[in-house]
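To start, the structure under review is shown below, and the notes come after it.
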Amino acid sequence: MGLNLSGKHFLTLLDFSTEEINYLLDLARDFKNLKRCGVPHRWLEGKNIVLLFEKTSTRTRCAFEVGGMDLGMGVTYLDPGSSQMGKKESIEDTARVLGRMYDGIEYRGFEQSVVEDLANNAGVPVWNGLTAQFHPTQALADVLTMQEEFGQDLRGRKLVFFGQVGNTASSLLVICAKLGINFTQVGPQADVPGNRTYPTELWEKCQEIAAKTGAILSVTDNIAEGVAGADAVYTDVWVGMGQPAELWKDRIALLAPYRVTEEVMAMAKPGAIFLHCLPSFHDTNTTIGAEIAEQFGVTEMEVEDAVFESDASRVFQEAENRMHTIKAVMYATLK
């Protein structure tokens, strides 16, 4: 019997089986081929979606907008100042209104509870474009990028995440457990201000899943030990969007030893690739990058520019793949 995800919400990859995740990845691959060959695929013509953004974005917004239009849908974008959600109108009421007008709702913002409230009240599929806890469309894009490099069966491959726990790392932990990919987080494990660890419930759940798929999940503060045998080395910014600027001082001190450098990449498996969800502070060609350099004397943060611009880097391929995986999620849940 074929898979049927029609009407299903996309809130976290914990809600999807290994078979369903592979189905979404296969769909994304097909959509990428259609796009590159210039083959129209307006398979959802007549449907409309709305994008609710409490956090600004480049990749997520563009991926949902272009993906939605490629599928023939009408797309409405609402930024933080363009709706009454959570201010003059509750999340529940907003969901009930939009669910009567639109066929699908995307949310990018803060707490996971908000996207869950939308899903519980909308009556149409709701998609998580990013919350503080999870970033599932990014994890799909990351794995699609790895598949393009190493083949579709990634069981036994190793992905190493450098830095501290965040929404991207948590979603990578889940998808690696589901697909039998070994996952190691390399970062500070000491109980120090600003450091985060995986919620116990999430870690234990992923270990249960990994026991069935063969994935090995681990955390270490030993760089050489953690990166040994890595097929993909991943990192993210040290202070996330919406977090206070006051965090930079402590985060730089805490995470500078875990910057992804050429020396780190040399410790990985030959042919290892570098991944990043973007945006990245690999130079001072941004306002924040220039300010950090002036204030703290740091010109490269989570990754060296030499790594970011190296032949091993797949960050822009990865960014493109966001659109294809998002398109797969929308099509699978709306068809």
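Assorted remarks:
- Residue order for Val97, Val237 - accessible surface, 1.4 angstrom probe, largest first: Val97, Val237
- For the stretch 138-320, averaging the sequence separation of C-alpha pairs within contact (under 8 Å, six or more residues apart) and dividing by the residue count gives a relative contact order of 23 percent.
- Acute angle (nearest 10 degrees) that the helix 287-296 long axis makes with the longest principal axis of the chain, alpha-carbon atoms: 30 degrees
- Cα lying deepest toward the dipole's positive end in the chain, options Ile273, Asn33, Met301, charges on Cβ: Asn33
- Coil-residue GluC sites (Glu not before Pro) of the stretch 210-286, DSSP, other Cβ within 10 Å capped at 11: Glu246
- Under the criterion of Cα pairs below 8 Å and six or more residues apart, the relative contact order for the stretch 259-335 equals 38 percent.
- Dipole magnitude of the chain, debye to nearest 20 (Cβ charges: Lys/Arg +1, Asp/Glu -1, about Cα centre): 1060 debye
- Cα long-axis angle, helix 112-122 against the chain (0 to 90 degrees, to the nearest 10): 10 degrees
- Each helix, a run of at least 4 DSSP H residues, gives -39500 (n - 2.57); summed and divided by the residues of the chain, these come to -13500 deg cm²/dmol at 222 nm.
- Cα gyration tensor category, rounded, prolate or oblate, for the chain with a/c compared to 1.5: prolate
- Available extension along the chain between Asn120 and Leu247 is 42.3 nm, counting 0.36 nm per residue and deducting the alpha carbon span.
- Sites listed here are trypsin sites (Lys or Arg not before Pro) in the stretch 36-143 whose DSSP assignment is loop and whose Cβ has at most 10 other Cβ atoms within 10 Å: Lys87, Lys88.
- Using the average count of surrounding beta-carbon atoms within 10 Å as a protection proxy, the listed peptides 300-311, 318-329 rank, highest first, as 318-329, 300-311.
- Taken over the stretch 138-320, lysine pairs spaced eight or more positions apart, or on distinct chains, with alpha carbons under 26 Å apart number 8.
The values are calculated or read from the model by the stated rules, or taken from the named source; none is laboratory data. No experiment lies behind these values; they were computed from the predicted model shown. FYI the Cβ positions are ideal-geometry reconstructions off the backbone, even for glycines, and counts take in every protein chain you see. These accessible areas exclude ligands, DNA and RNA; they are computed on the full protein's heavy atoms, side chains included. Shrake-Rupley method; radii C 1.70, N 1.55, O 1.52, S 1.80 Å.
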